1. Which residue pairs have Cβ atoms under 7 Å apart, sit 6 or more places apart or on different chains, and have a first residue in the stretch 260-289 that is under 20 Å from Gly226 (Cβ atoms) and a second that is among the basic types (Lys, Arg) and open to solvent by 20 Å² or more (accessible area, probe 1.4 Å)?
2. Condition check: closer than 30 Å to Tyr41 by Cα, modelled with pLDDT of 90 or more and surrounded by 13 or more Cβ atoms within 10 Å (Cβ to Cβ). Does Phe69 satisfy that?
3. For the stretch 322-380, name all the residues that are free of Cβ contacts under 8 Å to residues at least 12 places away in the same chain and open to solvent by 50 Å² or more (accessible area, probe 1.4 Å).
4. Quick one: which of Asp15, Asp37 is part of a loop (DSSP other than H, G, I, E, B), under 19 Å from the mean Cα position of the chain (by Cα) and surrounded by fewer than 18 Cβ atoms within 10 Å (Cβ to Cβ)?
5. Do the conditions hold for Val296, that is, is it in contact with a helix residue (DSSP H, G or I) (Cβ under 9 Å, 6 or more places away or on another chain), assigned to a strand (DSSP E or B) and either charged (D, E, K, R) or crowded, with 17+ Cβ neighbours inside 10 Å (or both)?
6. Please go through the stretch 264-287 and give me each residue that is polar (S, T, N, Q) and over 19 Å from Pro29 (Cβ atoms), ordered by number.
7. Looking at Thr83, Thr42 in this structure, which one is in contact with a strand residue (DSSP E or B) (Cβ under 7 Å, 6 or more places away or on another chain) and either open to solvent by less than 60 Å² (accessible area, probe 1.4 Å) or among the hydroxyl-bearing types (Ser, Thr, Tyr) (or both)?
8. Here is a list of conditions, (1) more than 23 Å from Leu330 (Cβ to Cβ); (2) in a loop (DSSP other than H, G, I, E, B); (3) of a type in the set (A, V, I, L, M), and Ile56 meets all of them except one; can you say which number that is?
Amino acid sequence: MAIAAYDPFKPPVFDEPSVAYAHLLAERPVHYFADFDPPFYTLSRHADVQRALRDIDTYSSEFGQGPRFTPPAGMLSNPPQHTFFRSLVQQAFSPRAIEAMRGRVEELAEELLDEIPAGEWDLHDAFAFPLPVIVIAEMLGVPADDLHLFKRWSDASVAAMGAADPSAYESELADLANYILARIRERRAAPGRGDLIDRLVQAEQDGKVLTDEDILSVVNQLLVGGNETTTSLITNAVWRLLERPALWRQVVAEPGLVDRALEESLRFDPPVLGLYRSTTRAVELHGVRIPKDAKVMLHYAAANRDPEVWDDPDTFSLDRPAQRHLSFGLGVHFCLGAQLARLEANAALRALAARCPDLRLVNPGERITPWFLWGRRHLPVSSRR
């Protein structure tokens with residue numbers, strides 16, 4: 001579908017963002033969008049997005065990676081602050097630590113499928129949402145009984161980032177902050193549990209323990225990053241495979257294709273369409289001057305469809321040669337949880353293919369609300385079990 005003007009908040013772009021990629025890539029590689037507060041620029045070409053991700057001195061995360069300017073906080077900052085906070089949790093996301101979680105993640109996937117009745121069910125609510133939420137909650141040391149609260153609060157956190165009126169979410173965000181602060185104080189009173197919150201409570205910077213607010217910021221980032229995007233990765237991958245049933249049958253017959261299917265899903269339907277940086281100086285690019293102190297969206301999804309990099313980029317293909325997409329970012333701010341997301345999605349897709357080989361798409365459901373994220377809020381499917 002050809003579009004005359006790019007508006008990410010309105011149909012048809014909101015409903016299916018990919019309708020805008022050809023327009024952005026060919027005609028507006030630096031796009032200025034005035035109808036948001038603050039206005040922002042969008043970079044869409046693969047080379048430009050890649051260059052900006054590596055140039056943290058010019059395209060800074062110091063004022064947040066969302067569309068609004070926010071104070072530096074935890075890992076949403078530049079080095080050295082970013083380096084320090086990332087180092088506090090890096091060990092929990094190391095390749096060895098993630099691989100050690102494989103058995104538990106696979107067990108959870110099986111347990112969730114055990115609860116699914118035959119007939120029609122919602123893949124999001126019954127499977128794709130609870131799997132990563134349970135995993136990150138266990139890492140943080142959050143009681144399983146509180147998982148429903150975390151989902152509501154996580155949704156509110158993400159929605160507030162892109163909402164025209166973020167104040168609409170103040171109550172939920174306050175509830176989340178109070179809940180996490182209570183867990184932090186529990187760890188201060190009785191340290192030694194070994195979970196991520198406990199490690200942060202015991203950490204020191206320049207001989208001083210971290211403040212409650214510092215820990216709250218990091219836990220918030222882990223919570224949101226640890227479930228919303230992985231849920232969307234699972235739903236997006238299954239959605240596209242079931243849209244073309246022959247692809248689903250291929251994955252069922254050849255489980256070794258699961259990793260390839262997930263990487264193609266990440267390229268084709270990245271759960272994060274793009275994140276933001278703030279310019280520290282004026283930049284001239286493709287005849288457009290981006291001023292200092294401007295918000296710039298680095299559009300991962302459009303960059304992943306750049307025909308200068310990929311052949312037939314608008315086709316979802318299990319035969320595509322391995323190439324590095326930008327869906328997890330690049331450089332210093334490369335997604336900390338990328339390997340965990342891949343492990344969870346791999347376990348989910350393998351379990352589904354083995355347990356529900358006759359899985360069928362009932363309808364494409366509905367997209368999630370935050371405009372700069374991409375996933376299915378509901379995905380009705382059907383199977384005999």
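1. Leu262/Arg342; Ser265/Arg240; Asp269/Arg240
2. Details: closer than 30 Å to Tyr41 by Cα: yes; modelled with pLDDT of 90 or more: yes; surrounded by 13 or more Cβ atoms within 10 Å (Cβ to Cβ): yes.
Yes: the conditions hold for Phe69.
3. Arg324, Phe334, listed by residue number.
4. Answer to the selection: Asp15.
5. So Val296 fits the description; yes.
6. Within the stretch 264-287, Ser265, Ser278, Thr280 qualify.
7. Working: Thr83 fails: in contact with a strand residue (DSSP E or B) (Cβ under 7 Å, 6 or more places away or on another chain).
Answer to the selection: Thr42.
8. With respect to (1) more than 23 Å from Leu330 (Cβ to Cβ); (2) in a loop (DSSP other than H, G, I, E, B); (3) of a type in the set (A, V, I, L, M), Ile56 is out only on (1).
The values are calculated or read from the model by the stated rules, or taken from the named source; none is laboratory data. Please read all numbers here as calculations on a predicted model, not as lab measurements. Every residue, glycine as well, gets a Cβ built from its backbone with ideal geometry; the counts of neighbours run over all protein chains shown. SASA here: full protein model, heavy atoms, side chains in, ligands and nucleic acids out. Shrake-Rupley method; radii C 1.70, N 1.55, O 1.52, S 1.80 Å.
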